[in-house]
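Everything on this sheet refers to the single structure shown next.
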Amino acid sequence: MTTATRTLPRTIHKSGGADWRGVLFHGLLLVSLLFSLLILFTLITDVLMRGLPVLQERGADFLTRPTSSSPARSGVAQGIFGTLMMAVFVSVVAFPIGIMTAIYLEEYAPDNRLTRFINVNIRNLAGVPSVVYGLLGLSIFVLALGPLTGGRSMIAGGLTLAALVLPIVIITSAEAIRAVPRSLREAGYGVGASRWEVTRLLVLPNAAPGILTGTVLSLSRALGETAPLLLAGAVLGGFSIGSRSFVEQLFSDYTVLPVTIFDWSRRPQAEFRELTAAAIIILLVITLLANTIAIVLRNRYERSW
Amino acid sequence: MPSTLTAPTDRDDGSGSLPTAPPTSATRGVALRIERTAAEPLPGGAAGTDPDAEPAVDLRGVSVYYGSFRAVKDISFEVPPNAITSLIGPSGSGKSTLLRAINRMNDLIPGTRFEGEVLYHGENLYADTVDPVEVRRRIGMVFQKANPFPKSIYDNVAFGPRINGFRGKLDEVVEGSLRRAALWDEVKDKLRQSGLALSGGQQQRLCIARAIAVQPEIILMDEPASALDPRSTLQIEELMSELKKNYTIIIVTHNMQQAARASDFTVFLNMGEDRAGYIVEHARTIDIFTNPKNQLTEDYVSGRFG
Amino acid sequence: MQSGASLRRDPSLATALGGTAARHRRERVIGAVLLSAALLTVVVSTLIIVSLFGGAVDFIRQIDLGTLLADGWYPRRGEFGLMTLVAGSLLVTGIALLLAVPVGLLSAIYLSEYASRRVRRIVKPILEVLAGIPSVVLGFFALTFISPVFVQRLNPGTADFNLLAAGLGVGILTIPLIASVSEDSMRAVPAALREASYGLGARRLTTSLRIVVPAATSGIVAAVILGISRAIGETMVVAVAAGGSGGAKFTVDPFRQGQTITAAMASLATGTDNVAGATAAFQSLFFLGLMLFIMTFVLNQLGDIFVRRTRQQY
Ligand SMILES: Nc1ncnc2c1ncn2[C@@H]1O[C@H](COP(=O)(O)OP(=O)(O)O)[C@@H](O)[C@H]1O
Ligand SMILES: [Mg+2]
């Protein structure tokens, strides 16, 4: 008892000296957190300082010219076109397949070994380094299916990226679907809705914001990928599309913005450094825009059931 | 002793709601508590009196397993039509499990297994040829926690008819269902508002309207009033006694006064040694509360355990 | 209660209870379509494994196994010194972790134990944005900023391309992953444990370091393991910033040029090194891919085990 009363004053009043270790630790934590912010800030500022002059000087010319060996005449037109086409492929191939798989796993799949295997498999796929997907693209979409895809073609690249983001789309969509409360499904089944009716009319509308967030995030990830496309045939350096029609272009040479950036960053001429920064600005605008949209969407629709 | 037991009795025997036996000391606690609501309108009616009437559902030897755990074992009883049958028993005795077995809601929980038969007009609802979706269209359900769809009031009620391919005046079905659920007057001016904006009691009545709109024959209710205030609870009970003219109602409740007040028949479940629920006693509600045959029943309804 | 109900069976009811054929068909078709989508993921992983093994086996068949022990990685010259790449990968990963583990962990402690809701709502998205920066962009940043501003000041005379700058770039990319996995595990520590600590008069520093961090150990271990996996698999930062595009000599000096398993793959696919056909250099691509696949697979499994352990704990 006596010890208790004796120690009591010490615990309720701040001890004499400042708690310098606590303050120091707090400071250290803040510095760590600020480090990331600082890096992000520095990176963006650095790139802007290098790249903005190019954009101001060249303007639309930079956006509409193909890559060339002369810095003054190089532009990102082919990269932008390829990147946008990759977005189309991912949206058309990976999103539907991924969302359907998520629906299957969350709403339809029986709890058996096949289902567990599929689930484990998807988690493993999500952890495969992106460069390995490039090998998949190279050996399957470029070489084995070459007669169909046109070899090192836009289709091969698009399919490679679609395979790459598929597990991410599935995992994020499945999470969104799982977040729909069970009571909502039960209410639907309770009035005699079939599985598909419950899924389509009740589950999907309520999971839609989450699914959308996940898909946009995975899209942004896909558009920033370089390594898999280097393997799956994206062209480094200049190439001419001649007078190919849109459909012919799908089956022939292509490049994407990140590959253009990689290409330019390795060129010896100093002017290409500035061009690289300018191209990075464009890429960041595209991917960060997608990212930000996704994060805002998620925060807006985050619900607590 | 005033007419304490307002538990539904048969009106046609002319004896009103007089208990057929004096309350035992064991039931007195319940009886006294019930007194306070004696002024409320008497539920009941000429329900479930015809011993020859075909049962609305007939459970035979029903056991339900969650994985290897048997939650209820060898349950057999008949549910008389156009009456309210309540399932009572201690928590975990398998009331919800049994209720959900009747319209095959348990099918949706992975790992459940069913043994026995549920006969509906002579058809075994668990036969291979039966589609559980069709079962649930005939045997509707109201849940413990009101769960309106995040849609408008109108769309909540219209959901069932729409997916059933209803062709006709949807407006009329919606209005009729809301009227029967005693909700029409409160919501008729805001049918386009979200069902989630209603109060708890209104939400539960909306769920009842939603169930009615599919025109089921039987309505299952799993503690529909457990989350509601006393006023809304009474509203739901009044509604039930009104609904039983057209529907057969099976209700799970852990509130014994509610069972006594609102139901015609009572099934008392208990947990066995193996934690599986079994039927201790099944009788007219009035008998369960005033003249239980089993000591356990007497102990339970008098609040000595559970 | 035995009512002698005579059961008048109604044959039309039996039919109706069977449901409509149209709906059964529709449900079956939809179920089958969804299942095929799910099975496609199995096809994808099968194809990955088949391609990797096929190419790797062809590679092993073609070469003299002694060349795997060569002193450098020069695939076009037939020198496949694996140790060069493994050392490069380990070095880059080590540098990355030296940066990412402390920064990631401390950020996680701040977010989980110190930050107000408002701060979290602002800071977490920023970390996510950092995680969303394309790696080729970070490679450029490592080459044009980290290398001259940090590495070359630290050790004057270092070339633009060096493994240290590449490792730091990879580390920056790894911070968000380590921060988010370990923050999750710290937030999973029950509030009761913290309250007990505060109840004894402990300060926030003590509670964080003595209670929360030890309780979140499994999650932190998982974060580090997954961070290693992420760093080993990172390609473009190294490909841009570490140099060594034609090949590299064995080195463990962070101020030198070098190659990692991944950068060697990028290099084999590009530029002067662009190889194709059934040459050993081309097939080595698949051999490296297989190595990388196995390493990250094992690490991810390990990480998963620790993540699951956190979940079981509470
Ligand atoms: N989804 C489920 N999975 C496993 N066990 C369950 C599940 N639902 C209920 N149970 C178990 O079955 C028994 C009966 O539960 P329940 O039917 O909910 O009882 P009651 O409604 O009478 O409280 C309990 O022991 C409960 O733990
Ligand atoms: Mg229950």
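The values are calculated or read from the model by the stated rules, or taken from the named source; none is laboratory data. All values reported here derive from a predicted model rather than from experimental measurement. Virtual Cβ from ideal backbone geometry, glycine too; neighbours counted across all protein chains shown. Side chains included, ligands, DNA and RNA excluded: accessible areas come from the protein's heavy atoms. Shrake-Rupley method; radii C 1.70, N 1.55, O 1.52, S 1.80 Å.
Some notes on this structure:
- Of the peptides A:261-268, A:218-225, C:38-45, B:193-200, the ranking by mean beta-carbon count within 10 Å, highest at the top, reads A:218-225, A:261-268, C:38-45, B:193-200.
- Cα centroid of segment A:258-279 to Cα centroid of segment C:108-137, whole Å: 29 Å
- Taken along its principal axes, the alpha carbon cloud of segment A:173-264 reaches lengths of 62, 27, 18 Å, longest axis first.
- Kirkwood analysis of the Cα pair distances in segment C:69-136 returns a hydrodynamic radius of 15.1 Å.
- Per residue value of the accessible surface for segment B:131-195 (all protein chains in place, 1.4 Å probe), Å²: 45 Å²
- With both residues required to sit in the protein assembly as shown, DSSP beta bridges show an antiparallel share near 60%.
- Sorting the segments B:139-145, B:210-216 by their residues' average number of neighbouring beta-carbon atoms within 10 angstrom, most packed first, yields B:210-216, B:139-145.
- Heavy atoms of chains B and C lose about 1600 Å² of accessible surface on contact, summed over both sides with a 1.4 Å probe.
- Kirkwood-Stokes translational diffusion coefficient of segment C:1-142, alpha-carbon pairs, 10 °C, 1.306 mPa s, µm²/s: 68 µm²/s
- Only lysines eight or more places from B:Lys151 in sequence, or on another chain, were considered; those with a Cα closer than 21 Å are B:Lys169, B:Lys188, B:Lys190.
- Net charge, C:Leu97 excluded, C-beta distance under 14 Å - Lys, Arg +1, Asp, Glu -1: 0
- Per residue Cα convex hull volume in Å³ - calculated over segment C:2-62: 157 Å³
- Taken as entire DSSP H runs, the helices of chain C that both span 27 Å or more between Cα atoms along their own long axis and average -0.5 or more on the Kyte-Doolittle scale are C:21-62, C:82-109, C:163-187, C:280-313.
- Cβ-based charge dipole, chain C, positive-most Cα from C:Thr46, C:Gly81, C:Ala14: C:Ala14
- Chain B packed on chain A takes about 1600 Å² of accessible surface away from a 1.4 Å probe, both sides summed.
- When every Cα-Cα distance of segment A:19-58 is counted in 10 angstrom steps from zero, the calculated P(r) takes the values 27, 27, 21, 15, 8, 2 percent.
- Modelled FRET efficiency - R0 22 Å, A:Leu37 with C:Arg118, Cβ distances, 0.05 increments: 0.90
- Annotation: aspartates and glutamates with alpha-carbon distance below 15 angstrom to B:Lys145 (same-chain offsets under eight excluded): A:Glu186, B:Asp222, B:Glu223, B:Asp229.
- When the alpha carbon coordinates of segment A:39-123 are projected onto the principal axes, the ranges are 61, 30, 20 Å, largest first.
- Take the Cβ atoms of A:Ala126 and A:Leu148, set R0 to 22 Å, and the FRET efficiency comes out at 0.20.
- Charge tally around B:Thr112: other residues with Cβ under 15 Å, Lys/Arg +1 each, Asp/Glu -1 each, net +2.
- Surface/4 estimate of mean projected area, convex hull on alpha-carbon atoms of chain C, nm²: 29.6 nm²
- 21 Å tail of the calculated P(r), segment C:153-286, as % of Cα pairs: 58 percent
- Cα Rg over Rh - segment A:61-301, Kirkwood: 1.06
- Of all lysines in the structure, the ones whose alpha carbon falls short of 19 Å from that of B:Lys73, not counting any fewer than 8 places away in one chain, are B:Lys95.
- Over the C-alpha trace of segment A:44-187, radius of gyration and Dmax come out as 20.7, 66 angstrom.
- The protein assembly as shown, accessible surface, carbon-and-sulfur percent (1.4 angstrom probe): 59 percent
- With a cut-off of 19 Å on the backbone N, the residues of segment A:19-34 near the modelled label site 7 Å out from C:Arg203 along Cα-Cβ are A:19-32.
- Principal axis dimensions, the protein assembly as shown - Cα atoms, whole angstrom, descending: 109, 84, 57
- Among residues other than B:Pro224 with Cβ under 12 Å from its Cβ, the summed charge is -1 (Lys and Arg +1, Asp and Glu -1).
- Residues in segment A:19-58 average 61 Å² of solvent-accessible surface per residue, probe 1.4 Å, ligands and nucleic acids excluded.
- From the alpha carbon centroid of segment A:135-188 to that of segment B:176-209 is 44 Å.
- Positive dipole terminus of the protein assembly as shown, leading residue within B:Pro150, C:Leu168, A:Gly146 (C-beta point charges): C:Leu168
- Per residue, segment C:209-273 exposes 29 Å² of solvent-accessible protein surface, assessed with a 1.4 angstrom probe and all protein chains in place.
- All Cα pairs of segment A:151-225, percent lying beyond 19 Å: 47 percent
- Buried surface between chains A and C: roughly 6800 Å² of accessible area, summed over both sides, computed with a 1.4 Å probe on protein heavy atoms only.
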